[in-house]
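The values are calculated or read from the model by the stated rules, or taken from the named source; none is laboratory data. Worth saying up front: this structure is predicted, and the values here are computed from it rather than measured. Glycine also receives a Cβ, built like all others from the backbone with ideal geometry; neighbour counts cover every protein chain displayed. Protein only, heavy atoms only, side chains kept; ligands, DNA and RNA dropped before computing areas. Shrake-Rupley method; radii C 1.70, N 1.55, O 1.52, S 1.80 Å.
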Amino acid sequence: MNEFITAFESVFTRSNVFYMLRGLGVTFYVALISIILSIFFGTILALFRTYGNKLLKGFSITYIEIFRNTPNLLWVLAIRFMIRMPEPFDAPMYSGILAFTLFTSAVMAEIIRGGLNSVHKGQFEAAYSQGFNFFQTLIFIILPQCFKAIVPAMLSQVITVIKDTSFLAQVAIEEFFNNSKWIMSAQIDSTVNQSMRVFIIFGFVALVYFIINFILSCIVRNTRKRRQVA
């Protein structure tokens, strides 16, 4: 027990805790911005694929199939090392946001397309009879119903994005997993409590990811239950 306490105190020093929390802040920031941008671009792709002409449909299908059938980590590595981000977005973090946005937009597009297909086609006829044009019908009638229907699926994708931000550790972006890994590396020395310290760090990282994603999973389940009852 004393050995565990000693290892715990050596890991969770003030500087180490602040370093990990700073990384957690980067994780949330990358996930949040990526999700917001992905919903925006995913909506455009879904509209192109559902209502666009042959050229727009072809572009949307090609984009979605390329990104959905390749690993996210591949795009993280490619964008980090092959694309020079313009100022003021030249910080490594923004290359991670770009990679996640490009990849997640394809996933969001398919989720949103499913929501668009769930809205009855008669909604267009009803809207047209009230004087709405096509774009007004989309913005005020179709899209609100679509997003209401896909909330659980979108929240599930948010969980995936938060977990996948750990990929950014492969390109030395200072998110939560990367910072925790550096602390773990600093603990690997000749001391007696080396294994215990590494176990504590890995356990803490797993616990943090679990708590965040478990809360989101509960929200997803409750949302689905409310929809089933309604």
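Quick one: grab Rg to one decimal and Dmax as a whole number for region 79-170, Cα atoms only, in Å.
Gyration radius and largest Cα-Cα distance of region 79-170: 18.2, 55 Å.
What figure, in Å² to the nearest 10, do you get for the accessible area of Lys163 with a 1.4 Å probe and non-protein molecules left out?
Lys163 has an accessible surface of roughly 100 Å² with all protein chains in place.
Could you work out the relative contact order of region 34-108? I mean the mean sequence separation of Cα pairs under 8 Å and 6+ apart, divided by the number of residues, in percent.
In percent, rounded to a whole number, it is 50.
Give me the dipole magnitude in Debye, nearest 20, for region 1-97 about the Cα centre, with unit charges on the beta carbon: positive for Lys and Arg, negative for Asp and Glu. Before the final figure, lay out the partial values.
Numbers: 8 positive and 5 negative charges, 102 e Å.
Result for region 1-97 is approximately 500 debye, rounded to the nearest 20.
Using a simple charge model, +1 on the beta-carbon of Lys and Arg, -1 on the beta-carbon of Asp and Glu, nothing else, what dipole does region 106-214 show about its Cα centre, in debye to the nearest 20?
On the way: 6 positive and 6 negative charges, 42 e Å.
Computed charge dipole of region 106-214: roughly 200 debye.
Roughly how large, in nm² to one decimal, is the mean projection of the convex hull of the alpha-carbon atoms in the chain? Intermediate values should be presented prior to the final figure.
Numbers: hull surface 68.1 nm².
With every direction weighted equally, the projected area is 17.0 nm².
Sort Met20, Met196, Met82 from largest to smallest accessible area, using a 1.4 Å probe on the heavy atoms of the protein chains. Walk me through the numbers on the way to the answer.
On the way: Met20 5, Met196 55, Met82 155 Å².
If we order Met20, Met196, Met82 from most to least accessible, we get Met82, Met196, Met20.
Would you be so kind as to identify which of Thr137, Ser166, Thr104 lies farthest towards the positive end of the dipole of the chain, taking Lys and Arg as +1 and Asp and Glu as -1 on Cβ and the Cα centre as origin?
Projecting each Cα onto the dipole axis, the largest value belongs to Thr137.
Taking K and R as +1 and D and E as -1, what net charge do the other residues with C-beta under 12 Å from the C-beta of Thr50 add up to? It would help to have the intermediate numbers written out before the result.
Numbers: positive: Arg49, Lys57, Arg113, Lys121; negative: Glu110.
Surrounding charge for Thr50 is +3.
Mind checking which of Gly42, Leu73, Thr62 is farthest towards the positive end of region 33-129's charge dipole, using Cβ charges of +1 (Lys, Arg) and -1 (Asp, Glu) about the Cα centre?
Thr62
Percent of Cα-Cα pairs more than 26 Å apart in region 95-230, please. Could the numbers behind the result be given before it?
Values: 4335 of 9180 pairs.
Across region 95-230, Cα pairs with separations above 26 Å total 47 percent.
Apply the Karplus parameterisation 6.51 cos²θ - 1.76 cosθ + 1.60, with θ equal to phi minus 60°, to every residue of region 153-160 and state each ³J(HN,Hα) to the nearest whole Hz, in sequence, with x for glycine and proline.
5, 5, 5, 4, 5, 4, 4, 4
What do the square roots of 5 times the Cα gyration tensor eigenvalues come to for region 1-78, in whole Å, largest first, as semi-axes of the equivalent ellipsoid? Intermediate values should be presented prior to the final figure.
Details: eigenvalues 410, 38, 16 Å².
So the equivalent ellipsoid measures 45, 14, 9 Å along its semi-axes.
Please sort 137-147, 202-212 by packing, taking for each peptide the average over its residues of neighbouring beta carbons within 10 angstrom, highest first.
Working: 137-147: 16.7, 202-212: 14.2.
Descending mean neighbour count gives 137-147, 202-212.
To the nearest 20 Debye, how big is the dipole of the chain about its Cα centre, given +1 on the beta carbon of each Lys and Arg and -1 on that of each Asp and Glu?
On the way: 19 positive and 11 negative charges, 185 e Å.
Result for the chain is approximately 880 debye, rounded to the nearest 20.
Would you tell me the accessible area of Ser129, worked out with a 1.4 angstrom probe on the heavy atoms of the protein chains, in Å² to the nearest 10?
It works out to around 90 Å².
May I ask you to evaluate 6.51 cos²θ - 1.76 cosθ + 1.60, the Karplus curve with θ = phi - 60°, for each residue of region 66-74 and list the ³J(HN,Hα) values in order in whole Hz, giving x for glycine and proline?
4, 7, 6, 10, 10, x, 4, 4, 4
Out of the total accessible area of the chain (probe 1.4 Å, heavy atoms of protein only), what percent is carbon and sulfur? Before the final figure, lay out each step's value.
Numbers: 8780 of 13070 Å².
Of all accessible area on the chain, carbon and sulfur atoms account for 67 percent.
Take the residue pairs Lys57/Lys121; Lys54/Lys225; Lys121/Lys163 and return only those whose Cα atoms are more than 29 Å apart.
On the way: Lys57/Lys121 19 Å; Lys54/Lys225 39 Å; Lys121/Lys163 37 Å.
With Cα atoms farther than 29 Å apart: Lys54/Lys225; Lys121/Lys163.
In Å², what does the accessible area per residue of region 1-131 work out to with a 1.4 Å probe? Can you show the working numbers first?
Details: 7570 Å² over 131 residues.
In whole numbers, region 1-131 has 58 Å² accessible per residue.
For the chain, what is the mean residue ellipticity at 222 nm derived from helices alone (per DSSP H run of n ≥ 4: -39500 (n - 2.57); sum divided by total residues; nearest 500 deg cm²/dmol)? List each step's numbers first, then the result.
Working: 11 runs with 182 residues, N = 230.
My calculation for the chain gives -26500 deg cm²/dmol from helical runs alone.
Classify region 25-132 from the C-alpha gyration tensor, please: rounded if a/c falls under 1.5, else prolate or oblate depending on whether a/b exceeds b/c.
Numbers: a/c = 2.69, a/b = 2.09, b/c = 1.29.
It is prolate, given that a/c is not under 1.5 and a/b is the larger ratio.
Could you rank Glu175, Glu87 by how accessible they are, 1.4 Å probe, largest area first?
Greatest to least solvent exposure: Glu87, Glu175.
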